[in-house]
Amino acid sequence: PEVEEERVPDPDMVIKHPLQNSWAMWFFKNDKSRDWKDNLRVITTFDTVEDFWGLYNHTLPASKLQSGCDYSVFKAGIQPMWEDAQNKKGGRWLINLNKTQRQTHLDDFWLETLLCLIGEGFDEHSEEICGATVNIRNKGDKLGLWTRDAQKTEATKKIGIKLKESLSVPPKIVIGFQAHSDTAGKAGSTVKNRFTV
Amino acid sequence: DVAKFRKDSKDKLTYDRAYLMELRGCASSQTKPEGLPNLDIILDKPV
């Protein structure tokens, strides 16, 4: 009987799964001898599911980054800073993690957030999404999901609910949404939440 | 192999978590992208 040889397809010949958006992954490393902007660089952009995984699988997990570093994934053309024209009027859903949660939750939270971004998991509100950032800090890590327009109450709340659900954040933990205009220039002080879920 | 993806009513390409996770194991997903900068956060072998 004829035995069909198992052929290993050339990865480049297989059709990759296109994403709705093209995304850029950024890395920030805190080097105080340089300007903030010079410490921020694009690692690469991707627009297929496979290229996302290729990148994800070849970068250090967020929990292994040094303190002071950030990863950001934003739609191509949007810089991961509130000053960008597409972020200015927006804000972020913020999840604060304590020290033990870096080992237990951070990598899962970050991956789940990325899967919601690239898969357009926020349904009809996906257009409101700009990107997401994870900040590694000694005083506590932060995960932020950035949206375009802090005035869009309904869309913003639905995005927050979906984020909380996707990350399996327990109902008793409340997460808040802060407008960038309230955060700007207020390093260290407490910023009030516009919404909570 | 034709890419399996679904378009919603607004013709948007969406992927659910399960399908994205399924694609993680395929050969192209294990391939290191070309042209990555030389940084210590970049790994040679997949995690």
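A few remarks follow.
- Some residue of the stretch A:86-93 being over 19 Å from A:Phe195 (Cα atoms), within 11 Å of the chain's Cα centre (by Cα) and open to solvent by less than 10 Å² (accessible area, probe 1.4 Å): no
- Looking across the stretch A:116-163 at every residue that is more than 20 Å from A:His180 (Cα to Cα), free of Cβ contacts under 8 Å to residues at least 40 places away in the same chain and not in a loop (DSSP other than H, G, I, E, B), the one that is farthest from the chain's Cα centre (by Cα) is identified as A:Glu124.
- Qualifying residue in the stretch A:42-49 (condition: under 15 Å from the mean Cα position of the chain (by Cα), modelled with pLDDT of 95 or more, more than 8 Å from chain B (Cβ to nearest Cβ) and open to solvent by less than 10 Å² (accessible area, probe 1.4 Å)): no
- Annotation: of all residues in the stretch A:12-41 being without any contact (Cβ under 8 Å) to a residue 40 or more places away in the chain, closer than 19 Å to A:Ala62 by Cβ and open to solvent by 60 Å² or more (accessible area, probe 1.4 Å), the one that is nearest to the other protein chains (Cβ to nearest Cβ) is A:Arg41.
- From the options A:Val169, A:Val73, residue that is open to solvent by 10 Å² or more (accessible area, probe 1.4 Å) and β-branched (Val, Ile, Thr): A:Val169
- Only a single criterion out of (1) out of contact with any Leu (no Cβ under 9 Å at 6 or more places or on another chain); (2) over 25 Å from B:Gly35 (Cβ atoms) is not satisfied by A:Gly54, namely (2).
- The residue that is least open to solvent (accessible area, probe 1.4 Å), counting only those in the stretch B:9-24 that are more than 7 Å from chain A (Cβ to nearest Cβ) and at pLDDT below 95, is B:Asp11.
- Residues in the stretch A:95-110 that are under 15 Å from A:Leu145 (Cα atoms) and crowded, with 19+ Cβ neighbours inside 10 Å: A:Ile95, A:Leu97, A:Leu106, A:Phe109, A:Trp110.
- Whichever residue in the stretch A:164-186 is in a loop (DSSP other than H, G, I, E, B) and of a type in the set (Lys, Arg) and, among such residues, is modelled with the lowest pLDDT: A:Lys186
- Residue that is surrounded by the most Cβ atoms within 10 Å (Cβ to Cβ) [pool: residues in the stretch A:50-70 that are closer than 15 Å to A:Gly131 by Cβ and of a type in the set (A, V, I, L, M, F, W, C)]: A:Phe52
The values are calculated or read from the model by the stated rules, or taken from the named source; none is laboratory data. Please read these numbers as outputs of a predicted model, since none were measured by experiment. All Cβ positions, even for glycine, are placed from backbone atoms using ideal geometry, and neighbour counts span all protein chains on display. These area figures cover heavy atoms from the full protein model, side chains too; ligands, DNA and RNA do not enter into them. Shrake-Rupley method; radii C 1.70, N 1.55, O 1.52, S 1.80 Å.
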